[in-house]
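Computed from the coordinates by the stated procedures, all read-outs in this text should not be read as laboratory data. Only a predicted model underlies this, so the values are computations on that prediction, with no experimental measurement involved. Methodologically, a virtual Cβ is constructed for each residue, glycine included, from the backbone with ideal geometry; neighbour enumeration extends over all protein chains shown.
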Amino acid sequence: MDFINRAFTTLFDYILAPFDLLPPFWALTLFSAVIGIIFLLMYGKVSNQAGLKNVKRQIYSYVLESILFKNDLRLSLKAQGKMFVGGLRYFSLAFPPIIILAIPCILILAQLNLRYSHRPLQAGEHAIVKVTLNSDTSLFETNLTASEGATLTPPLRDLNDDSISWRVGVPTTATKVPLMTLSVSETSFQKPLLVNTSTTKIPTEASTSWWWQFFYPGDSIPESLKDLVSAITITYPEQDLSIAGTTFNWLLVFAVVSIVAGLVGSKYLKVEI
């Protein structure tokens, strides 16, 4: 999974490179519109277009029948029953393509989350670093240090999930990127704390779980620590995309723009949805 995530992250770096020329809000908006059209075309290829068109026509006719015979209870209820059956048929035709498209959609959302969900720390801010161990054997042999004047609170050890947490503060005079050194038993490695950086990728989760790596690409636990550490989490500040003084969550922007692009595009590209 580490290899797949690295390959897909690199691929996304190239795909998003042209969009990076725009401010974050407009870059995400344009990309979401493009993805909405692409997924619409893919939906048209993997779905039964003739079946969808036919069942939608039938449902529409049942709606008209229900309105036309609204004064006849028996015929009206019969038409509504046909509408219900038609809705089930429509669902049976639309659901399988949605499941097929869900996998690439999740991969895209994971990459966008890596780039738009959080931002680097600024001078004077702090983050929570949490290390989860595979067992409590090394719970009291795990330490974290930081360079460049970054401050650390004493470790908070949780015996319930074998984790240790630190609050890492960035000094207001920080001019260099602090390096954190995590030591577990006799094994250690260094990790930069992202401060005042222009990087667009902010990984917040590193895990040995392949399923968790699927949702949180961009970072991994060194091989030397995988037998001791199951997860490392850094809580960077959340990023809000701003336009005209109004802020939006990246997921809301992506969902609204891609759905609207798909709905509008279906009329011009003649794709039944």
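Working note: 222 nm ellipticity from helices only, DSSP H runs with n ≥ 4, each -39,500 (n - 2.57), summed and divided by the residues of the chain, gives -16500 deg cm²/dmol to the nearest 500.
Among the DSSP helices (H) of the chain, those spanning at least 24 angstrom by Cα along their long axis with an average Kyte-Doolittle hydropathy of 1.0 or more are 24-46, 73-116, 250-269; this is a geometric and hydropathy rule only. Inter-label distance, Ser117 to Ile259: 2.0 nm, where each label sits 7 Å from its Cα along the C-beta direction. Within the set (1) 20.1, 65; (2) 18.3, 59; (3) 25.3, 83, the number that Rg and Dmax of the Cα atoms in Å takes when calculated for this structure is listed as (3). Counted by Cβ distance under 14 Å from Gly87, the other residues give a net charge of +4, where Lys and Arg count +1 and Asp and Glu count -1. Shown for Trp210, Trp250: other C-beta atoms within 10 Å of each C-beta, ranked fewest to most, produce the order Trp210, Trp250.
Going by the alpha-carbon gyration tensor, a ≥ b ≥ c the square roots of its eigenvalues, is region 166-211 rounded (a/c under 1.5) or, if a/c is not under 1.5, prolate (a/b greater than b/c) versus oblate? Oblate, because a/c is 1.5 or more while a/b does not exceed b/c. Cross-link partners for Lys226 among the aspartates and glutamates, with Cα-Cα distance under 13 Å and sequence neighbours closer than 8 places in the same chain left out: Asp2.
Normalised by the number of residues in the chain, what is the relative contact order in percent for Cα pairs under 8 Å and 6+ residues apart? Value for the chain: 26 percent. Summarising the label geometry, the points placed 7 Å from Cα in the beta-carbon direction at Thr10 and Asp227 lie 2.9 nm from one another.
What does the charge add up to near Pro96, with Lys and Arg as +1, Asp and Glu as -1, over the other residues with Cβ less than 14 Å from its Cβ? Numbers along the way, then the final one.
Numbers: positive: Lys45, Arg89; negative: none.
Once positives and negatives cancel, what remains is +2.
Find out how many positive minus negative residues lie around Leu182, taking Lys and Arg as positive, Asp and Glu as negative, among other residues whose Cβ is under 14 Å from that of Leu182. If you can, show how the numbers build up before the last one.
Values: positive: Lys130, Lys191, Lys226; negative: Glu141, Glu186, Asp219.
Summing Lys and Arg as +1 and Asp and Glu as -1 gives 0.
When the chain is treated as a Gaussian network with alpha carbon springs shorter than 10 Å, the biggest mean-square fluctuation among Leu193, Leu75, Leu109 belongs to Leu75.
The label point for Asp240 and the one for Asn48, both projected 7 Å from the Cα toward the Cβ, are 4.7 nm apart. Relative contact order of region 126-234, taken over Cα pairs closer than 8 Å and 6 or more residues apart, is 31 percent.
Only Lys, Arg, Asp and Glu count, each charged at its Cβ (+1, +1, -1, -1), so figure out the dipole size of the chain about its Cα centre, rounded to 20 debye.
Details: 21 positive and 20 negative charges, 378 e Å.
Rounded to the nearest 20 debye, it is 1820 debye.
Under a model in which nothing but the beta-carbon of Lys, Arg (+1) and Asp, Glu (-1) is charged, region 126-234 shows a dipole of about 460 debye around its Cα centre. Every pair of different Cα atoms in region 1-79 enters the Kirkwood calculation, which places the hydrodynamic radius at 17.0 Å.
Three principal axis extents of region 126-234 based on alpha-carbon atoms, in descending order, are 38, 31, 23 Å.
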